[in-house]
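Student: Sharing a structure, written as structure tokens. Questions coming.
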Amino acid sequence: MMWPLHSMLFIPAHKIDWVRTVSRFKPDSVVIDLEDSVPPARKVAARATCREGIGLLREMGIPAFVRTNAWPEGGRDDVLAVATPGFSGVMLPKAHDVSQIRELDNTLSYAEGANGLPFGSVAIMPLPETAPGMVDAREMAAASTRCKGVVGIVGGVVSGDVARAAGFRPTVEGTEQLYLASKMVLDSRAGGALYPMSSIIGTRLDDHDFVRRLCVRAKSLGFTGAVLIHPSHVAIANEVFAPTPEEVEYYTGVIAAMESGEKSGDGAVRFRGLMIDYAMLPHALEVVREARRRGIVAGAAGQ
């Protein structure tokens, strides 16, 4: 599995028919949900369909994540029940503290061994939805080398677990969310989890313009992809989070300018009216590398 993932699509674990048709939407990954989208009476039975769904996604070549129930509310049993080839990662809701991440890490090591999975192959994505969890997100990200990214919220007017725990009231403008979203990005990266994901919520399912606005906001804040609740949102996230042809052209030029400057003995060079140096090079290389991976061809950037 290659990171970053630009789109992660939620599918309720008891909706196995939805899994069978998901490849047509081309998500980078799927999150089979055992938590909020499954009625309480069906949660135990949903573990079997979740396991089946992981197998189906493996055949499609789509990484399969599982949002388990909260760790004290059946999360451990969820992990042990669904571990099977193709199981790519756990999104842990209501992630509360470091001890939960460490226990999850240990449980995954056991589950990998018991089910013939490569050791360390199952990732962890903490989803802090309690006030203590949001405060300690950096520590949770650093608690396991399995942690690939903290999941933050970038949403509209619907108030969910994060808004209730943090105490803010969501608005369309989202000003009240900016500190917390930025904190999740910084905490994730500071903890060594380099691919923070934004959960895009609180939109009308058919309001694709608003979904795009939230994805653009999330990308600007530093998130590397989006967790989505509707298949029609996948193409939007894939487009927004991928490098644009214009960006590819620009950063290809940055790399070439720095290479030319280095040959001339210069570490800082003029490029399109700006002074650039080695500090700009790592981002340029990341953009071009990601574009090549996704087959994005350079376009004509503005001068």
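Student: Among the candidates VAL248, VAL269, VAL234, which residue alone is hydrophobic (A, V, I, L, M, F, W, C), touching a helix residue (DSSP H, G or I) at 6+ places or on another chain (Cβ under 8 Å) and closer than 15 Å to GLU286 by Cα?
Tutor: Values: VAL269 fails: closer than 15 Å to GLU286 by Cα; VAL234 fails: closer than 15 Å to GLU286 by Cα.
Among VAL248, VAL269, VAL234, only VAL248 is hydrophobic (A, V, I, L, M, F, W, C), touching a helix residue (DSSP H, G or I) at 6+ places or on another chain (Cβ under 8 Å) and closer than 15 Å to GLU286 by Cα.
Student: Can you find a residue in the stretch 157-165 that is crowded, with 24+ Cβ neighbours inside 10 Å, more than 25 Å from SER23 (Cβ to Cβ) and not basic (Lys, Arg)?
Tutor: yes
Student: Additional query: For residues that are touching a helix residue (DSSP H, G or I) at 6+ places or on another chain (Cβ under 8 Å), part of a loop (DSSP other than H, G, I, E, B) and farther than 19 Å from THR68 by Cα, tally how many sit in the stretch 129-159.
Tutor: 2
Student: Determine, yes or no, whether VAL38 is without any contact (Cβ under 8 Å) to a residue 60 or more places away in the chain and not in a loop (DSSP other than H, G, I, E, B).
Tutor: no
Student: Tell me the residue from SER188, SER232, SER198, SER220 that is surrounded by fewer than 16 Cβ atoms within 10 Å (Cβ to Cβ), closer than 18 Å to MET8 by Cβ and at pLDDT 95 or above, please.
Tutor: Among SER188, SER232, SER198, SER220, only SER232 is surrounded by fewer than 16 Cβ atoms within 10 Å (Cβ to Cβ), closer than 18 Å to MET8 by Cβ and at pLDDT 95 or above.
Student: Let me ask another. Pick out the one residue from SER99, SER121, SER88, SER109 that is assigned to a loop (DSSP other than H, G, I, E, B) and within 16 Å of SER144 (Cα to Cα).
Tutor: SER121
Student: Regarding the stretch 90-112, can at least one residue be identified that is surrounded by fewer than 21 Cβ atoms within 10 Å (Cβ to Cβ), aromatic (Phe, Trp, Tyr) and over 30 Å from ARG293 (Cβ atoms)?
Tutor: yes
Student: Right, next: Give me the pairs, please: first residue somewhere in the stretch 44-68 and in contact (Cβ under 8 Å) with a residue 60 or more places away in the chain, second residue anywhere and in a loop (DSSP other than H, G, I, E, B) and surrounded by 18 or more Cβ atoms within 10 Å (Cβ to Cβ), beta-carbon distance under 7 Å, and either six or more positions apart or on two chains.
Tutor: That search, which allows pairs on different chains as well, returns ARG67/LEU34; ARG67/GLU35.
Student: Going by what's in this entry, would ASP136 be described as crowded, with 23+ Cβ neighbours inside 10 Å, acidic (Asp, Glu) and in contact (Cβ under 8 Å) with a residue 12 or more places away in the chain?
Tutor: no
Student: All but one of (1) more than 30 Å from ARG204 (Cβ to Cβ); (2) within 21 Å of the chain's Cα centre (by Cα) hold for LEU127; which doesn't?
Tutor: Going through the list (1) more than 30 Å from ARG204 (Cβ to Cβ); (2) within 21 Å of the chain's Cα centre (by Cα), LEU127 breaks only (1).
The values are calculated or read from the model by the stated rules, or taken from the named source; none is laboratory data. Values in this document were obtained by computation on a predicted structure and should not be read as measured data. Please note: Cβ atoms are built from the backbone with ideal geometry, for glycine as well, and neighbour counts cover all protein chains shown.
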